[in-house]
Amino acid sequence: MERIPLIAGNWKMHATIAEAERLAAAVVEAARGAAGREVMIAPPFTALPAVAKVVAGSKVALAGQNVCWEAQGAFTGEISPIMLRELGCSMAIVGHSERRHVFGEGDAMVNKRLRGALRFDLTPVLCVGETIEEREAGRTFEVLERQVRGGLAGVDLAVSPLVVAYEPVWAIGTGKTATISQAQEAHAHVRDLLGRLSQKKIAAQLRILYGGSVKPENADDLLRQPDIDGALVGGASLSPESFGRIINFQE
Ligand code: 13P
């Protein structure tokens, strides 16, 4: 099965409702002509209802930037998978580097979130990535392995829709992208690991996105790599021109 490239925009904590509506309308427009590509955006929770109306009937999918593992309950500050589904989301990001490093989420919690998403029919986007200290200490593969194994504990990859995003922490929001070969090497390693956790042919079908300072200037080269199946874009997804150009990357 061919892996259809997925271009995903993570808006993080940006955009008022009015700004989100304008940006979403531009993304719908940019995605219209992009045959053979899937497009997803993850607006802030507050903008989801308005953005859902804008993307309705288009090829742009909606995602939560995070998700709780319970349907409801005493979880102040969290959002439930059912709430996300009600707002039209079909996906949810889990384990984003900012959740891990700013808010202290560990692999066990990421795993709960991921399984919660799956239980309520949301496709999780599991983010993994090493810090600069870990890379310089030669521990990149070990960290990726821990995060992938931890995040996917108890998950049967044969029956679970899933997207993985490799986002080296040192490349996020820094303007410093991984080199093409660093990115491809990490992706190949993650795919190999997914194969060891399930089967090679299942791993061959899973999409692994690259994230970390993806811009129009580097998207084509990154997305041409054999194991890079899309992009998870932060800063550049807030500009309709830049995100539109990345959606329409040149193969
Ligand atoms: P930047 O594209 O701003 O580096 O952010 C990447 C990211 O964290 C996407 O989830």
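The values are calculated or read from the model by the stated rules, or taken from the named source; none is laboratory data. Remember, it's a predicted structure, so these values are computed and weren't measured experimentally. Note that we place each Cβ from the backbone using ideal geometry, even for glycine, and neighbour counts take in every protein chain shown.
Assorted remarks:
- Filter result (more than 16 Å from the ligand (Cβ to nearest atom) and at negative phi) within segment 90-113: Ser90, Gly106, Asp107, Ala108, Met109, Asn111, Lys112
- Scanning segment 23-50 for residues that are buried (at least 22 other Cβ atoms within 10 Å of the Cβ) and over 18 Å from the mean Cα position of the chain (by Cα) yields Leu23, Ala47.
- Annotation: Gly151 fulfils all but one of (1) within 26 Å of Ile4 (Cα to Cα); (2) of a type in the set (Gly, Ala, Ser); (3) surrounded by fewer than 22 Cβ atoms within 10 Å (Cβ to Cβ); the unmet one is (3).
- Residue check, Leu162 more than 15 Å from the ligand (Cβ to nearest atom), at pLDDT 95 or above, within 15 Å of the chain's Cα centre (by Cα) and closer than 25 Å to Ala92 by Cβ: yes
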